[in-house]
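I have placed the structure first, in the form of structure tokens, so that the comments after it can refer back to it.
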Amino acid sequence: MNKEISLEQIISDVVMFFDRNKKLIISFTFIAVLAVFLFQKLKPAFYETSSIATSGISAYERIPEDEDVLNQRTAINLINNLQLDVDKQDYKSIAVKLNVTSEIAASVKFIEAEQLLRQDKDEKFHNTPKFQINLLIRNSEYILDIQNGLKYYFDENNYVKRYKSEFNTSNDMMIIQIDDEISELKSLRQKENINMNMSSFRVLSRAEDNEIQNQIIDLANLKNLINTQNLISSLDYVKDFTKTEVAERKVVVWGSAIGFIAFIISIIIAIIIEVKQKAKKN
């Protein structure tokens, strides 16, 4: 019975405490939430968008393929390196790298690339040949400029240009060699098909003929593969950046967080005031 009375008394005291200090608690919490709301609405807007891209840099470098996919570490590092300039507010450097104006460069708030993964049936994660570029920008009108600027940044990178040139040159030479080999095989097949054994009037056996034909097909497939490799760009967009018009202000998140903190602080203040008032009476 004493416990029930004690619990009832505690609840009653808590209710009376909030009733006595409701003006302080409500006003303090309301002012804090209102301040956050006004700040979020009045501060410069930011627009968040992302794209999905792939890069052939690892192919240029002849890096062994990881699980039969292009390795994207170099491309990801190149993009993430731009964030170092953003952190330093070195917008002139960004403008030069992306071939954009200083105003457009200064609009970049955050840029980051991250590897896209796939999950197999065993719930293990594996790399894919694609990565995601996350962009936070002050002016949504500049999103396309940044997208084109990143393409320029990759295409004009001296390291990438050097390796891409060597990659394409070696592939072109290989294609010439393949064409020569195919021509020789076709010529050999033609000659042997008409080269009869005068004693038995037999032509080239079907097995030998098929073997040469298979070699020609394999070389033709290899040539197609190399031609496809030559199309690999230093940076290609699988999905462009979305030109969003919705600003990222996070009013609800910040308002809720600050409101809760203000509520707790107002209770602490109310307790301190009541303790002081009781101390004065005593």
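So which of 187, 102, 183, 170 ends up being surrounded by fewer than 16 Cβ atoms within 10 Å (Cβ to Cβ), more than 29 Å from residue 60 (Cα to Cα) and not assigned by TED's automatic domain parsing to the domain that holds residue 71?
Matching residue, one of 187, 102, 183, 170: 187.
Could you please tell me which pairs satisfy a Cβ distance under 7 Å, a separation of 6+ or placement on different chains, a first residue in the stretch 47-59 that is closer than 17 Å to residue 132 by Cβ, and a second residue that is aromatic (Phe, Trp, Tyr) and part of a strand (DSSP E or B)?
51/237; 53/131; 53/237
Within the stretch 119-127, is even one residue in contact with a helix residue (DSSP H, G or I) (Cβ under 6 Å, 6 or more places away or on another chain) and crowded, with 17+ Cβ neighbours inside 10 Å?
no
Just to confirm my filter: which helices (runs of 4 or more DSSP H) fall fully inside the stretch 141-252 and include at least 1 residues that are modelled with pLDDT under 85 and out of contact with any strand residue (DSSP E or B) (no Cβ under 9 Å at 6 or more places or on another chain)?
158-194, 206-229
Mind listing whichever residues of the stretch 118-148 are under 14 Å from residue 48 (Cβ atoms) and among the hydrophobic types (A, V, I, L, M, F, W, C)?
The answer is 133, 135, 136, 137, 143, 146.
Quick check: anything in the stretch 132-141 touching a Lys or Arg at 6+ places or on another chain (Cβ under 8 Å), β-branched (Val, Ile, Thr) and crowded, with 18+ Cβ neighbours inside 10 Å?
yes
The values are calculated or read from the model by the stated rules, or taken from the named source; none is laboratory data. No experiment lies behind these values; they were computed from the predicted model shown. As a convention, Cβ positions derive from the backbone with ideal geometry for all residues, glycine included, and neighbour counts pool all protein chains shown.
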